[in-house]
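The values are calculated or read from the model by the stated rules, or taken from the named source; none is laboratory data. Worth saying up front: this structure is predicted, and the values here are computed from it rather than measured. Cβ: placed from backbone, ideal geometry, glycine included. Neighbour counts: every protein chain shown. These area figures cover heavy atoms from the full protein model, side chains too; ligands, DNA and RNA do not enter into them. Shrake-Rupley method; radii C 1.70, N 1.55, O 1.52, S 1.80 Å.
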Amino acid sequence: MIKSYTELLEFDKNHIWHPYTSMTNPLPSYFVKSAEGCELMLADDTKLIDGMSSWWAVIHGYNHPTLNSALIDQSTKMSHVMFGGITHQSAIELSQRLVALTPPSLEKVFISDSGSVSVEVAIKMAIQYWHSLGKPSKSKLLTVKNGYHGDTFAAMGVCDPVNGMHTMFESVLAKNIFAPAPQTRFDEQWQANDIDELSELFATHHHNLAAFIIEPIVQGAGGMKIYHPEFLKACEQLCQRYNVLFIVDEIATGFGRTGKLFACEWANVVPDILCLGKAITGGYMSLAATLSTKKVAETISQGDAGCFMHGPTFMANPLACAVANASLSLLMENNWQHQVSKIEATLTSQLLPLKAHPRVLDTRVLGAIGVVEAKTPVNVANIQKRFVELGVWIRPFGKLIYIMPPFVISTEQLEKLIRAITIVLDEEGCFVN
Ligand SMILES: *Cc1c(COP(=O)(O)O)cnc(C)c1O
(Lines give C-alpha, C1' and ligand atoms only; values in the text may rest on other atoms or scores of the structure.)
Protein backbone atom coordinates (compact mmCIF):
# COMPACT_ATOMS: atom_id res chain seq x y z
CA MET A 1 0.00 0.00 0.00
CA ILE A 2 1.96 2.97 -1.28
CA LYS A 3 0.48 6.28 -0.36
CA SER A 4 1.61 9.73 -1.32
CA TYR A 5 3.24 11.85 1.35
CA THR A 6 0.26 14.18 1.16
CA GLU A 7 -2.11 11.35 2.04
CA LEU A 8 0.13 10.18 4.86
CA LEU A 9 0.36 13.68 6.28
CA GLU A 10 -3.41 13.96 6.06
CA PHE A 11 -3.83 10.79 8.13
CA ASP A 12 -1.24 12.06 10.59
CA LYS A 13 -3.07 15.33 11.00
CA ASN A 14 -6.40 13.63 11.59
CA HIS A 15 -5.34 10.79 13.88
CA ILE A 16 -1.97 11.26 15.54
CA TRP A 17 -1.12 13.37 18.57
CA HIS A 18 2.10 15.36 18.39
CA PRO A 19 3.73 16.95 21.43
CA TYR A 20 1.97 20.00 22.80
CA THR A 21 -0.24 20.79 19.85
CA SER A 22 -3.97 20.71 19.25
CA MET A 23 -5.66 17.70 17.63
CA THR A 24 -8.30 19.87 15.99
CA ASN A 25 -6.05 22.67 14.77
CA PRO A 26 -2.53 21.27 14.95
CA LEU A 27 0.70 23.00 14.05
CA PRO A 28 1.99 21.52 10.77
CA SER A 29 4.23 18.45 10.88
CA TYR A 30 7.08 18.02 8.40
CA PHE A 31 7.62 14.55 6.95
CA VAL A 32 11.20 13.38 7.53
CA LYS A 33 12.11 10.34 5.44
CA SER A 34 15.71 9.94 6.52
CA ALA A 35 18.50 11.62 8.43
CA GLU A 36 22.25 11.51 8.09
CA GLY A 37 24.98 13.27 10.05
CA CYS A 38 23.56 16.67 11.02
CA GLU A 39 20.88 16.73 8.33
CA LEU A 40 17.22 15.73 8.17
CA MET A 41 15.81 14.88 4.75
CA LEU A 42 12.21 15.86 4.02
CA ALA A 43 9.75 14.13 1.69
CA ASP A 44 10.64 16.49 -1.17
CA ASP A 45 14.37 15.84 -0.65
CA THR A 46 14.97 19.19 1.06
CA LYS A 47 17.85 18.87 3.50
CA LEU A 48 17.69 20.68 6.82
CA ILE A 49 20.59 21.27 9.18
CA ASP A 50 19.49 20.09 12.60
CA GLY A 51 19.85 22.65 15.38
CA MET A 52 17.91 20.65 17.98
CA SER A 53 19.68 17.26 18.18
CA SER A 54 16.11 15.90 18.33
CA TRP A 55 15.70 17.51 21.76
CA TRP A 56 19.23 17.28 23.18
CA ALA A 57 19.71 13.63 22.27
CA VAL A 58 21.47 13.11 18.92
CA ILE A 59 24.96 14.20 19.94
CA HIS A 60 26.89 12.15 17.34
CA GLY A 61 24.57 12.82 14.40
CA TYR A 62 22.04 10.60 12.62
CA ASN A 63 22.63 7.25 10.98
CA HIS A 64 26.03 6.80 12.61
CA PRO A 65 27.78 3.61 11.44
CA THR A 66 29.14 2.74 14.91
CA LEU A 67 25.78 3.15 16.60
CA ASN A 68 24.01 1.31 13.78
CA SER A 69 26.30 -1.67 14.11
CA ALA A 70 25.96 -1.75 17.92
CA LEU A 71 22.22 -2.12 17.42
CA ILE A 72 22.54 -4.73 14.71
CA ASP A 73 25.04 -6.79 16.74
CA GLN A 74 22.84 -6.72 19.81
CA SER A 75 19.75 -7.64 17.78
CA THR A 76 21.45 -10.82 16.57
CA LYS A 77 21.92 -11.88 20.23
CA MET A 78 18.62 -10.64 21.68
CA SER A 79 16.65 -7.44 21.31
CA HIS A 80 14.95 -7.77 24.62
CA VAL A 81 14.76 -9.96 27.67
CA MET A 82 12.96 -9.34 30.96
CA PHE A 83 15.16 -7.92 33.72
CA GLY A 84 13.35 -9.68 36.55
CA GLY A 85 15.55 -12.61 37.54
CA ILE A 86 17.73 -12.12 34.46
CA THR A 87 20.74 -9.94 33.68
CA HIS A 88 22.87 -9.35 30.59
CA GLN A 89 26.18 -8.03 29.30
CA SER A 90 24.93 -4.70 27.86
CA ALA A 91 23.20 -3.63 31.09
CA ILE A 92 26.21 -4.57 33.21
CA GLU A 93 28.60 -2.77 30.91
CA LEU A 94 26.41 0.36 30.84
CA SER A 95 26.15 0.41 34.63
CA GLN A 96 29.91 0.02 34.97
CA ARG A 97 30.41 2.97 32.64
CA LEU A 98 27.88 5.18 34.45
CA VAL A 99 29.34 4.36 37.86
CA ALA A 100 32.83 5.16 36.52
CA LEU A 101 31.83 8.45 34.85
CA THR A 102 29.83 9.91 37.76
CA PRO A 103 31.11 10.86 41.25
CA PRO A 104 32.40 7.87 43.27
CA SER A 105 29.55 7.98 45.82
CA LEU A 106 26.96 7.23 43.10
CA GLU A 107 27.26 3.46 43.02
CA LYS A 108 23.78 2.05 42.39
CA VAL A 109 22.05 2.18 39.00
CA PHE A 110 18.35 1.87 38.11
CA ILE A 111 17.93 1.70 34.32
CA SER A 112 14.54 2.74 32.96
CA ASP A 113 12.89 3.63 29.69
CA SER A 114 12.54 7.42 29.63
CA GLY A 115 13.61 10.60 31.36
CA SER A 116 10.26 11.16 33.03
CA VAL A 117 10.34 7.64 34.45
CA SER A 118 13.86 8.20 35.79
CA VAL A 119 12.48 11.23 37.65
CA GLU A 120 9.54 9.17 38.97
CA VAL A 121 12.09 6.63 40.15
CA ALA A 122 14.21 9.31 41.85
CA ILE A 123 11.19 10.75 43.68
CA LYS A 124 9.94 7.33 44.70
CA MET A 125 13.42 6.44 45.97
CA ALA A 126 13.45 9.56 48.14
CA ILE A 127 10.01 8.81 49.60
CA GLN A 128 10.84 5.16 50.27
CA TYR A 129 14.13 6.20 51.87
CA TRP A 130 12.44 8.29 54.56
CA HIS A 131 9.73 5.71 55.03
CA SER A 132 12.41 3.12 55.76
CA LEU A 133 13.93 5.44 58.34
CA GLY A 134 10.59 5.71 60.13
CA LYS A 135 9.96 9.27 58.93
CA PRO A 136 7.03 8.92 56.54
CA SER A 137 6.11 12.58 57.04
CA LYS A 138 9.18 13.48 54.98
CA SER A 139 7.33 13.00 51.70
CA LYS A 140 7.18 16.37 49.92
CA LEU A 141 9.48 17.77 47.29
CA LEU A 142 11.06 21.19 47.25
CA THR A 143 12.17 22.70 43.96
CA VAL A 144 12.60 26.01 42.14
CA LYS A 145 10.22 27.68 39.70
CA ASN A 146 10.85 27.51 35.91
CA GLY A 147 11.93 23.87 36.23
CA TYR A 148 11.11 21.04 33.85
CA HIS A 149 11.38 17.39 34.87
CA GLY A 150 9.04 15.50 32.55
CA ASP A 151 5.37 14.89 31.80
CA THR A 152 4.34 12.02 34.08
CA PHE A 153 2.49 12.98 37.26
CA ALA A 154 5.22 12.98 39.89
CA ALA A 155 7.57 14.70 37.44
CA MET A 156 4.87 17.24 36.53
CA GLY A 157 4.46 17.89 40.23
CA VAL A 158 7.94 19.45 40.31
CA CYS A 159 7.69 21.31 36.97
CA ASP A 160 7.01 25.03 37.02
CA PRO A 161 3.43 25.42 38.34
CA VAL A 162 2.49 28.04 35.71
CA ASN A 163 4.17 26.53 32.62
CA GLY A 164 2.97 23.10 33.74
CA MET A 165 -0.65 24.31 34.16
CA HIS A 166 -0.81 22.89 37.67
CA THR A 167 -4.22 24.42 38.28
CA MET A 168 -5.77 21.98 35.79
CA PHE A 169 -4.30 18.98 37.62
CA GLU A 170 -4.56 20.38 41.14
CA SER A 171 -6.57 17.50 42.54
CA VAL A 172 -4.06 14.83 41.51
CA LEU A 173 -0.68 16.55 41.80
CA ALA A 174 1.35 16.27 44.99
CA LYS A 175 1.44 19.50 46.99
CA ASN A 176 5.08 20.35 46.57
CA ILE A 177 6.93 23.50 47.54
CA PHE A 178 8.35 26.02 45.08
CA ALA A 179 11.13 28.53 45.65
CA PRO A 180 11.83 31.40 43.25
CA ALA A 181 13.94 30.44 40.25
CA PRO A 182 17.67 31.24 40.45
CA GLN A 183 18.25 34.87 39.39
CA THR A 184 22.02 35.32 39.27
CA ARG A 185 23.20 34.51 35.78
CA PHE A 186 26.06 32.16 35.10
CA ASP A 187 28.33 34.98 33.94
CA GLU A 188 27.39 37.54 36.61
CA GLN A 189 28.85 38.29 40.00
CA TRP A 190 27.17 35.94 42.51
CA GLN A 191 24.38 37.61 44.52
CA ALA A 192 24.24 35.80 47.87
CA ASN A 193 20.65 36.91 48.52
CA ASP A 194 19.57 34.77 45.55
CA ILE A 195 19.14 31.86 47.96
CA ASP A 196 17.38 33.72 50.80
CA GLU A 197 13.87 32.48 50.05
CA LEU A 198 15.08 28.99 49.29
CA SER A 199 16.89 28.89 52.66
CA GLU A 200 13.74 30.01 54.44
CA LEU A 201 11.69 27.30 52.74
CA PHE A 202 14.23 24.66 53.83
CA ALA A 203 14.09 26.00 57.39
CA THR A 204 10.27 26.01 57.48
CA HIS A 205 9.52 22.73 55.71
CA HIS A 206 12.46 20.37 56.20
CA HIS A 207 10.50 18.08 58.54
CA ASN A 208 8.20 17.32 55.61
CA LEU A 209 10.77 17.28 52.84
CA ALA A 210 11.90 14.03 51.23
CA ALA A 211 14.07 15.71 48.63
CA PHE A 212 15.04 18.85 46.79
CA ILE A 213 15.19 18.48 42.98
CA ILE A 214 16.81 20.80 40.43
CA GLU A 215 18.24 20.88 36.90
CA PRO A 216 21.92 21.80 37.31
CA ILE A 217 23.07 25.16 35.81
CA VAL A 218 20.65 25.11 32.85
CA GLN A 219 16.89 25.24 33.32
CA GLY A 220 15.83 23.70 30.00
CA ALA A 221 12.25 23.47 28.78
CA GLY A 222 11.13 25.78 31.62
CA GLY A 223 12.85 28.81 30.07
CA MET A 224 16.39 28.03 28.88
CA LYS A 225 17.95 29.98 31.76
CA ILE A 226 21.59 29.54 32.70
CA TYR A 227 22.26 30.24 36.37
CA HIS A 228 25.22 30.72 38.67
CA PRO A 229 27.09 27.66 40.01
CA GLU A 230 27.04 29.18 43.52
CA PHE A 231 23.26 28.69 43.53
CA LEU A 232 23.70 24.99 42.89
CA LYS A 233 26.43 24.80 45.54
CA ALA A 234 24.08 26.45 48.04
CA CYS A 235 21.37 23.88 47.21
CA GLU A 236 23.74 21.06 48.09
CA GLN A 237 24.72 22.75 51.36
CA LEU A 238 21.08 23.37 52.34
CA CYS A 239 20.21 19.72 51.64
CA GLN A 240 23.05 18.59 53.91
CA ARG A 241 22.24 21.07 56.64
CA TYR A 242 18.53 20.19 56.76
CA ASN A 243 18.83 16.47 56.07
CA VAL A 244 16.97 16.51 52.76
CA LEU A 245 17.97 14.27 49.82
CA PHE A 246 19.52 16.13 46.89
CA ILE A 247 18.22 15.03 43.46
CA VAL A 248 19.92 16.44 40.37
CA ASP A 249 18.19 16.08 36.99
CA GLU A 250 20.95 15.96 34.35
CA ILE A 251 18.64 14.53 31.66
CA ALA A 252 19.22 17.53 29.36
CA THR A 253 22.66 18.65 30.56
CA GLY A 254 24.44 15.31 30.93
CA PHE A 255 27.14 13.91 28.63
CA GLY A 256 29.02 17.07 27.75
CA ARG A 257 26.33 19.49 26.59
CA THR A 258 27.30 22.37 28.93
CA GLY A 259 31.06 21.97 28.44
CA LYS A 260 31.46 19.67 31.45
CA LEU A 261 30.66 15.97 31.25
CA PHE A 262 27.96 16.65 33.87
CA ALA A 263 26.75 20.16 34.71
CA CYS A 264 27.15 19.33 38.43
CA GLU A 265 30.88 19.72 37.87
CA TRP A 266 30.48 23.50 37.38
CA ALA A 267 29.73 23.69 41.11
CA ASN A 268 31.49 20.51 42.27
CA VAL A 269 28.29 19.21 43.79
CA VAL A 270 27.47 15.56 44.34
CA PRO A 271 23.81 14.58 44.55
CA ASP A 272 22.32 11.68 46.49
CA ILE A 273 20.29 10.77 43.41
CA LEU A 274 21.14 11.61 39.77
CA CYS A 275 18.83 11.33 36.71
CA LEU A 276 20.30 10.77 33.24
CA GLY A 277 18.58 10.37 29.87
CA LYS A 278 18.26 12.06 26.47
CA ALA A 279 21.84 11.90 25.03
CA ILE A 280 22.61 8.63 26.85
CA THR A 281 21.99 6.54 23.70
CA GLY A 282 23.18 9.22 21.26
CA GLY A 283 19.51 9.77 20.50
CA TYR A 284 18.89 6.27 19.12
CA MET A 285 16.54 4.73 21.68
CA SER A 286 14.53 5.74 24.69
CA LEU A 287 16.63 5.01 27.78
CA ALA A 288 17.33 6.65 31.13
CA ALA A 289 19.09 5.92 34.38
CA THR A 290 18.73 6.93 38.01
CA LEU A 291 21.91 6.61 40.05
CA SER A 292 21.99 6.72 43.84
CA THR A 293 24.39 6.41 46.72
CA LYS A 294 24.87 3.14 48.54
CA LYS A 295 23.21 4.70 51.59
CA VAL A 296 20.00 5.51 49.69
CA ALA A 297 19.85 2.04 48.12
CA GLU A 298 20.59 0.17 51.35
CA THR A 299 18.15 2.21 53.43
CA ILE A 300 15.34 1.53 50.92
CA SER A 301 16.18 -2.16 50.90
CA GLN A 302 15.97 -2.34 54.70
CA GLY A 303 12.44 -0.87 54.74
CA ASP A 304 9.02 -2.54 55.02
CA ALA A 305 8.79 -3.43 51.33
CA GLY A 306 12.28 -4.96 51.37
CA CYS A 307 12.83 -3.70 47.87
CA PHE A 308 12.40 -0.68 45.65
CA MET A 309 8.87 -0.62 44.27
CA HIS A 310 9.49 -0.17 40.57
CA GLY A 311 10.22 -2.45 37.59
CA PRO A 312 9.22 -1.46 34.06
CA THR A 313 8.65 -4.11 31.38
CA PHE A 314 11.43 -2.73 29.21
CA MET A 315 13.84 -2.11 32.09
CA ALA A 316 17.45 -2.19 30.81
CA ASN A 317 16.38 -3.09 27.27
CA PRO A 318 19.44 -4.72 25.67
CA LEU A 319 19.22 -2.82 22.37
CA ALA A 320 19.07 0.51 24.18
CA CYS A 321 21.89 -0.44 26.59
CA ALA A 322 24.08 -1.65 23.71
CA VAL A 323 23.66 1.56 21.74
CA ALA A 324 24.28 3.59 24.93
CA ASN A 325 27.57 1.78 25.43
CA ALA A 326 28.60 2.53 21.85
CA SER A 327 27.55 6.17 22.22
CA LEU A 328 29.56 6.61 25.43
CA SER A 329 32.62 5.12 23.71
CA LEU A 330 32.19 7.55 20.81
CA LEU A 331 31.85 10.47 23.20
CA MET A 332 35.31 9.76 24.59
CA GLU A 333 36.91 8.86 21.24
CA ASN A 334 35.55 11.99 19.57
CA ASN A 335 37.04 14.26 22.22
CA TRP A 336 33.73 15.86 23.19
CA GLN A 337 35.45 18.71 25.08
CA HIS A 338 37.01 19.86 21.85
CA GLN A 339 33.74 19.48 19.90
CA VAL A 340 31.73 21.40 22.48
CA SER A 341 34.25 24.20 22.96
CA LYS A 342 34.43 24.72 19.20
CA ILE A 343 30.62 25.09 19.08
CA GLU A 344 30.71 27.38 22.11
CA ALA A 345 33.30 29.64 20.44
CA THR A 346 31.13 30.07 17.32
CA LEU A 347 27.97 30.66 19.37
CA THR A 348 29.83 33.21 21.50
CA SER A 349 31.19 35.16 18.55
CA GLN A 350 28.10 35.00 16.30
CA LEU A 351 24.93 34.29 18.31
CA LEU A 352 25.63 36.26 21.50
CA PRO A 353 25.88 39.61 19.61
CA LEU A 354 22.27 39.21 18.39
CA LYS A 355 21.42 40.75 21.77
CA ALA A 356 21.79 44.13 20.06
CA HIS A 357 18.86 43.37 17.73
CA PRO A 358 15.77 45.48 18.57
CA ARG A 359 13.56 42.36 18.72
CA VAL A 360 15.87 40.56 21.17
CA LEU A 361 15.63 40.75 24.94
CA ASP A 362 18.60 38.54 25.77
CA THR A 363 21.06 36.01 24.39
CA ARG A 364 22.80 33.24 26.34
CA VAL A 365 25.45 30.67 25.53
CA LEU A 366 26.94 27.80 27.52
CA GLY A 367 28.80 24.91 25.94
CA ALA A 368 26.85 23.67 22.92
CA ILE A 369 23.68 25.58 23.89
CA GLY A 370 22.71 28.90 22.34
CA VAL A 371 19.59 30.86 23.26
CA VAL A 372 17.97 33.94 21.76
CA GLU A 373 15.14 35.26 23.92
CA ALA A 374 12.88 37.55 21.91
CA LYS A 375 10.82 40.38 23.40
CA THR A 376 7.60 38.85 22.07
CA PRO A 377 6.54 35.22 21.47
CA VAL A 378 7.21 33.58 18.12
CA ASN A 379 4.47 32.51 15.73
CA VAL A 380 5.53 28.86 15.71
CA ALA A 381 3.91 27.87 12.41
CA ASN A 382 5.30 30.86 10.51
CA ILE A 383 8.79 30.83 11.97
CA GLN A 384 9.04 27.07 11.44
CA LYS A 385 8.09 27.47 7.80
CA ARG A 386 10.72 30.17 7.33
CA PHE A 387 13.41 28.06 9.00
CA VAL A 388 12.59 25.16 6.68
CA GLU A 389 12.79 27.50 3.68
CA LEU A 390 16.19 28.61 4.97
CA GLY A 391 17.35 24.98 5.17
CA VAL A 392 17.48 24.56 8.95
CA TRP A 393 15.53 22.70 11.63
CA ILE A 394 15.02 24.94 14.66
CA ARG A 395 11.93 24.58 16.84
CA PRO A 396 11.31 27.63 19.03
CA PHE A 397 8.78 27.87 21.86
CA GLY A 398 7.32 30.95 23.52
CA LYS A 399 9.87 33.73 23.21
CA LEU A 400 12.78 31.33 22.90
CA ILE A 401 14.72 30.52 19.75
CA TYR A 402 17.41 28.12 20.87
CA ILE A 403 19.82 25.62 19.39
CA MET A 404 21.73 22.69 20.86
CA PRO A 405 23.21 21.05 17.76
CA PRO A 406 24.86 17.64 17.46
CA PHE A 407 28.46 17.79 18.76
CA VAL A 408 29.66 16.75 15.27
CA ILE A 409 28.22 19.83 13.53
CA SER A 410 30.69 21.66 11.27
CA THR A 411 31.37 25.37 11.72
CA GLU A 412 29.76 26.07 8.32
CA GLN A 413 26.59 24.22 9.32
CA LEU A 414 26.46 26.02 12.66
CA GLU A 415 26.94 29.36 10.94
CA LYS A 416 24.01 28.55 8.68
CA LEU A 417 21.82 27.93 11.75
CA ILE A 418 22.87 31.26 13.28
CA ARG A 419 22.35 33.06 9.96
CA ALA A 420 18.82 31.67 9.72
CA ILE A 421 18.03 33.00 13.21
CA THR A 422 19.47 36.39 12.23
CA ILE A 423 17.25 36.48 9.13
CA VAL A 424 13.97 35.60 10.85
CA LEU A 425 14.56 38.24 13.52
CA ASP A 426 13.90 40.81 10.80
CA GLU A 427 10.65 39.21 9.67
CA GLU A 428 7.40 40.54 11.10
CA GLY A 429 5.30 37.43 10.48
CA CYS A 430 7.55 35.24 12.57
CA PHE A 431 6.56 36.97 15.82
CA VAL A 432 3.38 37.76 17.68
CA ASN A 433 3.34 41.47 18.40
C1 LIG B 1 13.39 15.96 28.68
C2 LIG B 1 13.57 16.09 30.15
C3 LIG B 1 12.91 15.21 31.04
C4 LIG B 1 11.93 14.16 30.56
O5 LIG B 1 12.51 13.20 29.76
P6 LIG B 1 11.59 12.32 28.75
O7 LIG B 1 12.56 11.35 28.15
O8 LIG B 1 11.01 13.29 27.78
O9 LIG B 1 10.55 11.66 29.58
C10 LIG B 1 13.16 15.35 32.37
N11 LIG B 1 14.00 16.30 32.84
C12 LIG B 1 14.66 17.14 32.03
C13 LIG B 1 15.61 18.15 32.60
C14 LIG B 1 14.46 17.08 30.65
O15 LIG B 1 15.08 17.96 29.84
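Counting trypsin sites (Lys or Arg not before Pro) as exposed when in a DSSP loop with at most 14 other beta carbons within 10 Å, what is the longest stretch of the chain free of them?
On the way: sites that count: 3, 175, 375.
The longest uninterrupted stretch comes out as 176-374.
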Gaussian network model of the chain, springs between alpha carbon atoms under 10 Å - residue of 315, 23, 41 with greatest fluctuation: 23
For the chain, the longest site-free run once GluC sites (Glu not before Pro) in DSSP loop states with at most 15 other Cβ atoms within 10 Å are removed: 189-426
Lysines whose Cα lies under 29 Å from that of residue 294, excluding same-chain neighbours fewer than 8 positions away: 108, 124, 135, 138, 140, 175, 233, 260, 278
Whole-angstrom gap from the range 347-403 to the range 281-305, using each part's C-alpha centre: 36
Local electrostatic count at residue 243 - Lys and Arg +1, Asp and Glu -1, tallied over other residues with Cβ under 10 Å: +3
Where chymotrypsin sites (Phe, Trp or Tyr not before Pro) in DSSP loops with at most 10 other Cβ within 10 Å are excluded, longest remaining stretch of the chain: 21-433
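Where both residues lie in the range 208-315, what percent of DSSP beta bridges are antiparallel, nearest 5? Could the numbers behind the result be given before it?
Working: 6 of 13 bridges.
Among the beta bridges of the range 208-315, antiparallel pairing accounts for roughly 45 percent.
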Net charge of neighbours whose Cβ lies under 13 Å from the Cβ of residue 260, counting Lys and Arg as +1 and Asp and Glu as -1: -2
Local net charge near residue 153, Cβ-Cβ under 14 Å (Lys/Arg +1, Asp/Glu -1): -1
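I'd like the carbon and sulfur percentage of the solvent accessible area for the range 324-378, probe radius 1.4 Å, heavy atoms only, ligands and nucleic acids excluded.
58
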Projected label distance in nm at residue 78 and residue 23, using a 7 Å step from Cα toward the beta-carbon: 3.8
